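First the structure, in the form of structure tokens, and then the observations on it.
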Amino acid sequence: MMKKFTTLSLMLVLSLNFSVLAEETTKTKKTEVTPVQSFTSHHSGKFNGKKVNYSAIAGETLLKNKKGEVTARVFSTSYIQDKISDTTQRPIAFFYNGGPGSSSVWLHMGVLGPKRVDIPSDAQDDGAAPYPIKHNPKSLLDVTDMVFIDPVGTGYSKVDGVGKGKDFWGVTEDAKSLAQFIRTWLTEHDRWNSPKFIGGESYGTTRSAALINQLEGGYGDVSVNGIILISTILDFSVRAYDPGNEMAYMAYLPTMAATAHYHKKAGNNLALAEFVQQARDFAQGDYISALLKGNSISTAEHDKIRQKLAYFTGLSEHYLDLANLRVTYQRFSKELLRDQGLSIGRLDSRFKGKDFDNAGETPDNDPSFYGIDGAYTAAINDYLRKDLNVKIDREYNIIGLDGKWNWDISNGYRNPYLNVAPYIGKAMRENKHLRVFNAAGYYDFATPLMGAEYSLNRNGIDEKRVTQKYYEAGHMMYIHHPSLDQLVTDIRAFIKEK
């Protein structure tokens, strides 16, 4: 009996040991990290009339926690001028896009990189491959080195080791990871004393504000010379059509006026900028005042506002009456060209789309997005593999995350709308050399121009150090060739400014 018991006990111990071993093996496999992949190539090109020899480094950087454990790998593409004699005189600019959940493909292949995909300028569908991928003489390589960052979960960047998606997919979490990447990059390339710029588009502008808080917030370990904001969204209250919030109706009106002007529905006897300025004055004056009165507005004032609103939007007074003087951009996008059986784009309201149901309430889709996405996807995959010899065997994720985004930055305080603009104000107070460049498209319903103005005109931001520029295009103003030329000219001047 004792022998039988001993045998059973031994079998049980062995079984437990094997279970523990199997569990440890599983854990080891789970946190096993493969070596980073990096691909360096050498190139030469003429940018803004200046010949530049440069190295392109497309590769991964490991992010680690305080224990030194790997949590993620971030893919980036760096362009560094060869044989820089004095790196204190050569700026370095870090660029990324938005989403959240977008790779850096749009700024990389659309406007700033040494090559760009050339799609139609006049709001046309980009069609199907092949797409023209050309040398980009407008690239900023004549004035700055550049790093295009794909945040975790985008491009080739991914969670790794002991990391989890929730560690990166949030306003603050994302900013912390990019701040760690930038510090690591500066150390690896010995560029701590170079002038530094950060720049993003769309949610990338939200990211820039959160990032400056992580880079400078209270510690000042990475002081930045300039923030480049393209199609800006900092205070999300200006785009929230929640009952009782009238600010969104004010913020979108100048964009509606610009769009009505473009489609020849309003303001045709005036120049675009003049007409938009009139709409801006009306929006932040009589219009918002009338909306804030709510039901106490008089009939006479209601009629006056309705007539003026029709003048700026090109919509009928009957429709504006039905909408109680409050038209969302979604309804506007369907209503403006309803008589032609067409809707207009969200990212760029110059684009026109054909919907299945002409009597519908809102557009079926955004013609200004599906009209260009194929070209950019093809361009980045072709360029990375052929020109930069990147040999990574996983898919390059253009846009989209596998998890939820954490929008909360409240730290226990009530925060009904995300507003990161105060981070920029604080950074400017604590860094006397920090400047801000803001680029806005007249035809952008994703991040309306007045929303950016509203955010940058308050929140403790020094208006003397803010440069505001406007372009006759939409969210991605660089797909419009004249606006592309002006945008790179303006950003180049901003970087060169002392």
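Read-outs throughout are calculated quantities, based only on the coordinates presented, and are distinct from any laboratory measurement. This one's a predicted model, so the numbers in the text were calculated from it and none came from an experiment. For neighbour counting, all protein chains shown are included, and Cβ atoms are generated from backbone atoms with ideal geometry for every residue, glycine included.
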Item to check | Nearby lysines by direct alpha-carbon distance to Lys304 (threshold 19 angstrom, same-chain neighbours under 8 apart not counted) | outcome: Lys293
Next on the checklist: For Lys176, give me every one of the aspartates and glutamates with a C-alpha distance below 19 angstrom, ignoring sequence neighbours fewer than eight places off in its own chain.
Outcome noted: Glu60, Glu69, Asp150, Asp160, Asp167, Glu188, Glu201, Glu216, Asp221, Asp408
Next on the checklist: Taking 28 Å as the cut-off for C-alpha to C-alpha distance, list the pairs among Lys166/Lys334; Lys46/Lys469; Lys50/Lys158 that go past it.
Outcome noted: Lys166/Lys334; Lys50/Lys158
Next on the checklist: Highest mean first, how do 225-238, 462-475 rank when packing is the count of other Cβ atoms within 10 Å averaged over residues?
Outcome noted: 225-238, 462-475
Checklist outcome for this item: Low-density loop trypsin sites (Lys or Arg not before Pro), region 114-211, at most 14 other Cβ within 10 Å, DSSP non-H/G/I/E/B, are Lys164
Checklist entry - Within region 326-357, which trypsin sites (Lys or Arg not before Pro) sit in a loop by DSSP and count at most 16 neighbouring Cβ atoms inside 10 Å? => result Arg326, Lys354
Checklist entry - Across region 374-388, in residue order, what do the Karplus-derived ³J(HN,Hα) couplings come to in whole Hz, using 6.51 cos²θ - 1.76 cosθ + 1.60 with θ = phi - 60° and x for Gly and Pro? => result x, 5, 5, 5, 5, 5, 5, 5, 5, 5, 4, 7, 8, 7, 9
Checklist entry - Using modelled amide H (1.01 Å from N, peptide plane; none on Pro or chain starts), what sits under 5 Å from the amide H of Phe351, excluding residues fewer than 5 places away? => result Gly345
Next on the checklist: Between Asp490 and Ile84, how high is the FRET efficiency from 1/(1 + (r/R0)^6) when r is the Cβ-Cβ distance and R₀ = 35 Å? Nearest 0.05.
Outcome noted: 0.90
Item to check | Where labels lie 7 Å past Cα in the beta-carbon direction, separation of Asn53 and Asp339 in nm | outcome: 6.3 nm
Checklist entry - Which chymotrypsin sites (Phe, Trp or Tyr not before Pro) from region 25-125 combine a DSSP loop assignment with at most 15 other Cβ atoms within 10 Å? => result none
Checklist outcome for this item: Length-normalised contact order of the chain, Cα under 8 Å, at least 6 apart, in percent, tallies to 19 percent
Next on the checklist: If the reach is capped at under 19 angstrom between alpha carbons, list the aspartates and glutamates near Lys498, excluding any in the same chain fewer than eight residues apart.
Outcome noted: Asp86, Asp142, Asp145, Glu430, Asp462, Glu463, Asp490
Item to check | Net dipole in debye of the chain [+1 Lys, Arg Cβ; -1 Asp, Glu Cβ; about Cα centre; nearest 20] | outcome: 1300 debye
Next on the checklist: Multiplying the sequence separation of Asn431 and Ser289 by 0.36 nm and subtracting their Cα-Cα distance, what value in nm do you get?
Outcome noted: 47.4 nm
Checklist entry - Considering the zone a paramagnetic label at Lys391 would reach in this model (a point 7 Å from Cα along the Cα-to-Cβ line), which residues of region 144-174 have amide N under 19 Å from it? => result 156
Checklist entry - If Lys and Arg each add +1 and Asp and Glu each add -1, what is the summed charge of the other residues whose beta carbon sits under 14 Å from the beta carbon of Phe236? => result -1
Next on the checklist: With just the Cα atoms defining each centre, how far is region 129-162 from region 366-407? Give it in Å.
Outcome noted: 10 Å
